[in-house]
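Participant: One structure coming up, written as structure tokens, with questions to follow.
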Amino acid sequence: MTTIPAGTWVEIEQVVLTPEQRAPGIPADTAATPLMLWVDGFLDADARLGEKVAIRTLIGRRLVGRLVRVNPGYTHSFGETVPELLTIGTPHEPATPEATR
């Protein structure tokens, strides 16, 4: 396994709440799952994937967690385009009976 040098941009994961610590009254499938946190930051010391490490975030917070990714990117999206939303608030917005009241 490759050693990742200190100062590398990485992602860690941390267990915030174990299933036993979750609030009562939440759905059973949620209650059976730990509440997880993923944070990006700069690695404090050389490490390998899967090891417990410390990072320093962009705003200077120091956090400890399990090293899961090197040079993480963004993979989220806001889904498919909804054509009906594209013209809201523009001159191209179609007039509706409700808008003329």
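Participant: Net charge around V68, counting only other residues with Cβ within less than 11 Å of its Cβ (Lys, Arg = +1; Asp, Glu = -1)? Walk me through the numbers before you get to the answer.
Facilitator: Numbers: positive: R66, R69; negative: E11, E13, D40, E51.
Surrounding charge for V68 is -2.
Participant: So, R0 is 41 Å and r is the distance between the beta-carbons of N71 and A28; what FRET efficiency does that work out to, to 0.05?
Facilitator: It comes to 0.65.
Participant: Roll a 1.4 Å probe over the protein chains and send me the accessible area per residue for the chain in Å².
Facilitator: 76
Participant: A further question on this structure: Grab the Cα-Cα distance for T2 and D44, subtract it from 0.36 nm times how many residues apart they are, and report the gain in nm with one decimal.
Facilitator: Extending this stretch completely gives an extra 13.5 nm.
Participant: At 1.002 mPa s and 20 °C, plugging the Kirkwood radius over alpha-carbon pairs of the chain into Stokes-Einstein gives what diffusion coefficient in µm²/s? Mind showing how you got there, number by number?
Facilitator: Numbers: Rh = 17.4 Å.
D = 123 µm²/s.
Participant: Using θ = phi - 60° and the Karplus curve 6.51 cos²θ - 1.76 cosθ + 1.60, what whole-Hz ³J(HN,Hα) does each residue of segment 75-91 get, with Gly and Pro shown as x?
Facilitator: So the J values, rounded to whole Hz, are 10, 7, 8, 9, x, 6, 5, 9, x, 5, 8, 5, 9, 4, x, 10, x.
Participant: If contacts are Cα pairs under 8 angstrom and at least 6 residues apart, what is the relative contact order of segment 1-71 in percent?
Facilitator: With pairs under 8 Å counted, the relative contact order is 40 percent.
Participant: Next up: Computed FRET efficiency, Cβ-Cβ of I88 and R61, R0 35 Å: what is it to the nearest 0.05?
Facilitator: My answer for the efficiency is 0.40.
Participant: Using per-residue counts of other Cβ atoms within 10 Å, averaged over each peptide, order 79-87, 64-72, 15-23 from highest down.
Facilitator: My ranking of the peptides, most packed first, is 64-72, 15-23, 79-87.
Participant: Would you work out what percent of the accessible area of the chain, with all protein chains in place, is carbon or sulfur (probe 1.4 Å)?
Facilitator: 58
The values are calculated or read from the model by the stated rules, or taken from the named source; none is laboratory data. Quick caveat: nothing in here was measured; it's all calculated off a predicted structure. All Cβ positions, glycine included, derive from the backbone under ideal geometry; neighbour counts span all protein chains shown. Just so you know, the surface numbers come from the protein's heavy atoms only, side chains and all, with ligands and any DNA or RNA stripped out. Shrake-Rupley method; radii C 1.70, N 1.55, O 1.52, S 1.80 Å.
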